[in-house]
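S.K.: The structure follows.
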Amino acid sequence: MSDLISQVDSHLSHDSPDVCVLSIVPILSCTLADSTETTSETTDSIPKTMRNKFYVNIKTYESKWSGQCILCNKIQYDSKGVTSNFNRHVKTQHKQEYREWFAQLNQSINKDQKKISDVFIKDNETRTSPFSKSYYNNNHPRQTQLSKSIVENLIIDLGLPLSIVERPAFIKFMNTIDPKFTMTCDLT
């Protein structure tokens with residue numbers, strides 16, 4: 001099993017005082033448990049960017065930066081902070097490796113993350129509760145007002161997590177505000 005560690009080279013060239021050299025240094029360690037592992041990467045170890053996956057010896061200059069492709073050793077240059085040349089090189093010159101990495105990356109995305117439409121009851125669904133027998137219909141002005149207020153003010157403006165609407169304290173709070181309100185959403 002090998003771990004990668006980023007290392008900064010402090011021996012900078014006298015010709016370019018603004019150069020900072022970053023290199024990836026493999027560290028090999030093997031234990032009995034490691035020898036039984038499969039070669040597939042865990043989802044935590046999949047690099048999230050092409051730069052981190054396909055480039056080493058990354059150097060930054062005053063307004064540019066460069067990196068060496070690990071697949072063909074070609075050095076790519078781009079404006080500082082821009083990755084389009086790096087990405088284009090991998091996509092056009094190493095199509096198969098790019099597709100494999102991209103597929104792994106997509107598989108590692110958390111499929112359990114809820115969408116806003118999953119949390120709120122859809123328009124054609126109804127909610128029943130043993131505590132209350134009467135609810136606003138989905139087109140009622142008060143129902144619409146409260147639903148929009150939750151999304152716009154709490155989730156978007158305040159940046160609260162969408163999961164807040166599932167928490168018992170929030171449900172109890174909304175029942176105190178208006179017992180006829182149900183979690184519905186016109187966004188779906």
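Read the figures in this text as sums done on the coordinates, not as results from a lab. Note that the structure is predicted; figures quoted are calculated from it, not measured. A quick note on method: Cβ atoms are made from the backbone with ideal geometry, for glycine too, and the neighbour counts reach across all protein chains shown.
S.K.: Along Cα→Cβ, 7 Å out, is where each label goes; now give me the distance between the ones at ILE46 and ASN137 in nm to one decimal.
M.R.: Placing both labels 7 Å along Cα→Cβ, they lie 4.6 nm apart.
S.K.: Obtain the nm distance between the two label points defined at LYS172 and SER79 by a simple spin-label model: each point lies 7 Å from its Cα along the Cα-to-C-beta direction.
M.R.: 5.5
S.K.: Determine, from the Cβ-Cβ distance of ASN57 and ASP157 and an R0 of 45 Å, the FRET efficiency 1/(1 + (r/R0)^6), rounded to the nearest 0.05.
M.R.: Computed FRET efficiency for ASN57 and ASP157: 0.50.
S.K.: Then there is this: Sticking with the crude label model, points 7 Å out along Cα→Cβ, report the distance from ASN106 to GLN145 in nm, one decimal please.
M.R.: In this crude spin-label approximation the distance works out to 4.5 nm.
S.K.: What is the set of long-range amide H partners of THR182 at a cut-off below 5 Å, with H atoms built 1.01 Å from backbone N?
M.R.: Amide H neighbours of THR182, under 5 Å, 5+ apart: TYR136.
S.K.: Further question on the same structure: I'd like the FRET efficiency for LYS180 and ARG88, computed as 1/(1 + (r/R0)^6) with the beta carbon distance as r and R0 of 35 Å, rounded to 0.05.
M.R.: About 0.05, to the nearest 0.05.
S.K.: A further question on this structure: Considering only Cα-Cα distances, which of the following residue pairs are longer than 18 Å: LYS53/LYS91; LYS53/LYS95; LYS53/LYS74; LYS64/LYS91?
M.R.: As for pairs spanning more than 18 Å Cα to Cα, those are LYS64/LYS91.
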